[in-house]
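Chemist: Dropping the structure in here first, questions after.
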2 protein chains.
Amino acid sequence: MSGDRARKKEQTRRVLIDAAFRQLSAERSFASLSLREVTREAGIAPTSFYRHFQNMEALGLTLVDESGLTLRQLMRQARQRIESGGSAIRTSVETFMEFVSENENVFRLLLRERSGTSRDFRAAVAREIAFFSLELADYIDSVTQRGHEFSRIQADAMVILVFNAGAEALDMSTAQRKKLVEKTIRQLRMLDAGGAVYMKRFQNLGNSNSGE
Amino acid sequence: MSGDRARKKEQTRRVLIDAAFRQLSAERSFASLSLREVTREAGIAPTSFYRHFQNMEALGLTLVDESGLTLRQLMRQARQRIESGGSAIRTSVETFMEFVSENENVFRLLLRERSGTSRDFRAAVAREIAFFSLELADYIDSVTQRGHEFSRIQADAMVILVFNAGAEALDMSTAQRKKLVEKTIRQLRMLDAGGAVYMKRFQNLGNSNSGE
DNA sequence: GATTTAAGCGAACAGATGTACGCTAATTTA
DNA sequence: TAAATTAGCGTACATCTGTTCGCTTAAATC
């Protein structure tokens, strides 16, 4: 039968990926994982690792990619919830925080590799966040009609604030997280309100960079 | 003569600290430094390390503390520049970016350990950033008189955006960094403008969290 | 059914790591 | 000046690391 071997190979590849994810925690970053640790957790001989990945860096990039996928599912979920009524800002923040709580290790990975030691990792995470931001910018622009460039700047700021809130949440209790959500919502509302005001000012003054 | 030995000890302690800072780079995080590497760079026997620090974690905390000090000097500088005229926002962003460019490794350390694997490190960095944010909040409040809590929320958002811009700048060319500065300034202006608007709305509606 | 392919394994190796221990030599104390 | 303290060093050891190599065994191909 054809595809039997390929299927089994895919299976152990998954086991390796899952083992790596499982070992991530507040105390363990991907960079601190050794090849042997991952294979041990996966129940596979160290040397077999090379049948699936060229090295740990390759495995890491796979993890980042999968995390990006999870992130996109999150976006889809948030969009659905917004469409079925409710404040866009509140819904987005709450959905994101839910995601962080349910995927702490996935989020930690993205968070850490964003400023990690591998340029490829940093680029991969930046790409995922940019995708996230672009989607939000489109949404904002479709609602406000202030122009793509402007919406993009606003969306970028919002995404950064939400991501940062997620990062802070990781070290917090449930009660503290609730407060954090409210704070973040206020920050996004400021940006929202400010977008309208600043846009007008921006148009009146033209694109000058005159001081003050 | 008394204090000779103590002085020399302090000296080699400095050599260790400097060696560690020197080894930080885009490719090397503090977590990836080994005790032996640091002592090698410092020109000191591995075992002598223990005469100065209990372990690498202790050295790391010292680095974070020193980085915090540098950050406070930066704040002082920004304050002075603002007082001697010019836009507060522009001056702050430009001064911060200058700091990042001149202290890339210091900034990288703070950036990485903010989401690192040591709770103590994370707490130490959070403390430094909170200090930074608190100062800005005081300044905002003294100018706008909108109340400490409100100013704090706004200041927090601003600090996050500026820090994040600093992080992005690390992987950028000089030209790209210039554009980033302008973008960040716009984001802060949005927050500034939005603060005024949102504050009014906030007061009129009361502290309700009614949807939409 | 015979031959080829390839996933998985165990043994082995060189290199690096943190740290214990005891020594030396210089400074400090008495 | 004699005794005590201590920064710095070299040796040593157990442990862990990534990776090579050749083998087995089962699936795929012919």
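Chemist: Only one of (1) more than 12 Å from DNA strand D (Cβ to nearest atom); (2) away from chain B (no Cβ under 13 Å); (3) open to solvent by less than 60 Å² (accessible area, probe 1.4 Å) is not met by A:ARG14, so which one is it?
Modeler: It is condition (3) that A:ARG14 fails.
Chemist: Looking at A:GLY85, A:GLY60, which one is in a helix (DSSP H, G or I) and away from DNA strand C (no atom under 14 Å from the Cβ)?
Modeler: A:GLY60
Chemist: Would you say A:SER25 is closer than 27 Å to A:SER115 by Cβ, touching a Lys or Arg at 6+ places or on another chain (Cβ under 6 Å) and either within 14 Å of chain B (Cβ to nearest Cβ) or near DNA strand D (Cβ under 9 Å from one of its atoms) (or both)?
Modeler: no
Chemist: B:LEU63: out of contact with any strand residue (DSSP E or B) (no Cβ under 8 Å at 6 or more places or on another chain), in contact (Cβ under 8 Å) with a residue 40 or more places away in the chain, surrounded by 12 or more Cβ atoms within 10 Å (Cβ to Cβ) and under 30 Å from B:GLU182 (Cα atoms), yes or no?
Modeler: So B:LEU63 fails the test.
Chemist: Which fully enclosed helices (runs of 4 or more DSSP H) of the range A:98-212 have 3 or more residues being out of contact with any helix residue (DSSP H, G or I) (no Cβ under 8 Å at 6 or more places or on another chain) and assigned by TED's automatic domain parsing to the domain that holds A:SER87?
Modeler: On the way: elements: A:104-113, A:119-144, A:148-169, A:174-205.
Output list reads A:119-144, A:174-205.
Chemist: A further question on this structure: Here is a list of conditions, (1) among the small types (Gly, Ala, Ser); (2) within 11 Å of DNA strand D (Cβ to nearest atom); (3) at pLDDT below 95, and A:GLY86 meets all of them except one; can you say which number that is?
Modeler: (2)
Chemist: Of these, B:ALA124, B:ALA155, which one is within 16 Å of the chain's Cα centre (by Cα), open to solvent by less than 60 Å² (accessible area, probe 1.4 Å) and without any contact (Cβ under 8 Å) to a residue 60 or more places away in the chain?
Modeler: B:ALA155
Chemist: Give the range B:1-44 a look and list any residue that's within 8 Å of DNA strand C (Cβ to nearest atom) and assigned to a loop (DSSP other than H, G, I, E, B), or say none.
Modeler: If the condition is that a residue be within 8 Å of DNA strand C (Cβ to nearest atom) and assigned to a loop (DSSP other than H, G, I, E, B), then B:MET1, B:SER2, B:GLY3, B:LEU33, B:SER34 are the ones that fit.
The values are calculated or read from the model by the stated rules, or taken from the named source; none is laboratory data. Predicted, not measured: the structure shown is a model, and the values here were computed from it. When we count neighbours, we look across all protein chains shown, and the Cβ atoms used for this are built from the backbone with ideal geometry, even at glycine. Areas reflect the complete protein model, heavy atoms only, side chains present, ligands, DNA and RNA absent. Shrake-Rupley method; radii C 1.70, N 1.55, O 1.52, S 1.80 Å.
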